[in-house]
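Undergrad: Structure in structure tokens, see below.
Throughout, read-outs are computed from the coordinates displayed, never taken from laboratory work. Remember, predicted model here, so these are calculated numbers, not experimental data. Please note: Cβ atoms are built from the backbone with ideal geometry, for glycine as well, and neighbour counts cover all protein chains shown.
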Amino acid sequence: MNAMTAAHKKLPFHTIVRVTRLSTKKSVVVRINDRGPYVKGRVIDLSRKAAASLKMLKRGVVKAKVEVLKWGSGRRKRKRRRKKRGRRVNDDSHQKSSDSLRTPSSGGRREIRQGPFGKGTGGSSLHE
């Protein structure tokens, strides 16, 4: 989010591109590290830092030119897993996860809420 990165549907990962805002001629150089955008008519999604450099945070969507400067490998880098160091977990902590969904106001039933990802008024609820 705070790196100079972007998402593109088809360009290989780690490709370096220059994005130029057509109205101001300002440009930024970003690295492709994600897939998207999945909205019709959009070509590239910029990170917040890259969008701020182009002065487009308020506007959100602008017309721009995308130029490939260096083609990437196309491979995603795997995140390294950190080893947990000498920390013990009580056995009781595992039982809290199912009980934390129960609240006094819900009458003891469990509720799972799905976020609004498409058309609709606010997701759907699943009751046990």
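Undergrad: Can you pull out the residues in segment 7-16 that are assigned to a loop (DSSP other than H, G, I, E, B) and among the aliphatic types (A, V, I, L, M)?
TA: L11
Undergrad: Mind checking which pairs have a first residue in segment 13-29 that is touching a residue at least 24 places away in the same chain (Cβ under 8 Å) and under 22 Å from W71 (Cα atoms) and a second that is in a loop (DSSP other than H, G, I, E, B) and hydroxyl-bearing (S, T, Y), Cβ under 7 Å, 6 or more apart or different chains?
TA: Sorted first by the residue in segment 13-29, then by its partner, the pairs are F13/S73; H14/S73.
Undergrad: Return the total of residues in segment 16-50 being of a type outside the set (D, E, K, R) and touching a Ser or Thr at 6+ places or on another chain (Cβ under 9 Å).
TA: Total meeting the criteria: 10.
Undergrad: Just to be sure I understand, how many residues within segment 25-42 are closer than 20 Å to S73 by Cα and either among the acidic types (D, E) or surrounded by fewer than 17 Cβ atoms within 10 Å (Cβ to Cβ) (or both)?
TA: Number satisfying all stated conditions: 4.
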